[in-house]
Amino acid sequence: MLNDPIANALSNIINHEKIGRKQVIIHPLSRTLRKILTIMQENKYVGNCEEISDTRGGITKLNLIGAINKCGVIKPRFSTTIQEYEKFEKRYLPAKGVGILIISTPKGIMTHQEAKQKHLGGKLLTYCY
């Protein structure tokens with residue numbers, strides 16, 4: 001039994017990237033995880049996502065392009081304000097302007113750059129660079 005499906009999916013992605021595979025199958029797939037993968041795809045960290053089945057739990061096949069150095073879940077899910085984004089960038093990302101923090105805000109899940117532009121705080125979910 002999985003305690004954290006998001007952390008499990010991200011560790012599978014990292015492991016498949018390290019050994020040089022081009023695809024990874026992710027199961028189970030939630031709406032939150034689907035949105036995280038979409039944001040990673042928009043920022044050119046992963047390739048196309050293809051949903052294989054829409055049964056309970058869902059399965060998706062994710063194409064890897066070799067652009068991820070590290071990604072992971074942020075536990076505990078810290079609450080942040082606009083002023084605290086820089087502190088968490090220093091903690092989780094290697095340099096300023098490199099990588100993304102994915103944040104759950106009242107307006108939906110987005111990157112920390114989008115949240116800064118929209119002046120939103122939220123809870124930290126994952127990081128990727």
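Every number in this text was worked out from the coordinates using simple rules, so none of it is lab data. Please read these numbers as outputs of a predicted model, since none were measured by experiment. When we count neighbours, we look across all protein chains shown, and the Cβ atoms used for this are built from the backbone with ideal geometry, even at glycine.
For the chain, the longest principal axis of the alpha carbon atoms and the long axis of helix 5-19 meet at an angle near 70°. For the chain, the spread of Cα coordinates along the three principal axes comes to 40, 30, 26 Å, biggest extent given first. Between region 98-112 and region 23-73, the C-alpha centres lie 16 angstrom from each other. With θ taken as phi - 60° and the Karplus curve 6.51 cos²θ - 1.76 cosθ + 1.60 applied, the whole-hertz 3J(HN,Hα) list for region 117-126 is 5, 8, 6, 10, x, x, 10, 6, 10, 9 Hz, x standing for glycine and proline. Equivalent ellipsoid of region 5-64: semi-axes from √(5λ) of the C-alpha gyration tensor, largest first, are 17, 13, 11 Å.
Using a 4.7 Å Cβ-Cβ cutoff, the cysteines of the chain lacking any partner cysteine are CYS49. Taking amide hydrogens as placed 1.01 Å from N in the peptide plane, the amide H of ASN69 sits under 5 Å from those of TYR129, each at least 5 positions away in sequence or on another chain. Given R0 = 25 Å, the distance between the Cβ atoms of LYS75 and ARG34 translates into a calculated FRET efficiency of 0.80. Across region 25-31, computed HN-Hα scalar couplings (Karplus, 6.51 cos²θ - 1.76 cosθ + 1.60, θ = phi - 60°) run 9, 10, 8, x, 10, 9, 5 Hz from first to last residue, x flagging Gly and Pro. Each stretch of four or more DSSP H residues adds -39500 (n - 2.57); spread over every residue of the chain, this sum gives -9500 deg cm²/dmol at 222 nm.
Across all directions, the shadow cast by the convex hull of region 74-128 built on its C-alpha atoms averages 3.2 square nanometres. Net length available on complete extension from ILE19 to LYS123 is 34.3 nm, with 0.36 nm assigned per residue and the Cα-Cα distance removed.
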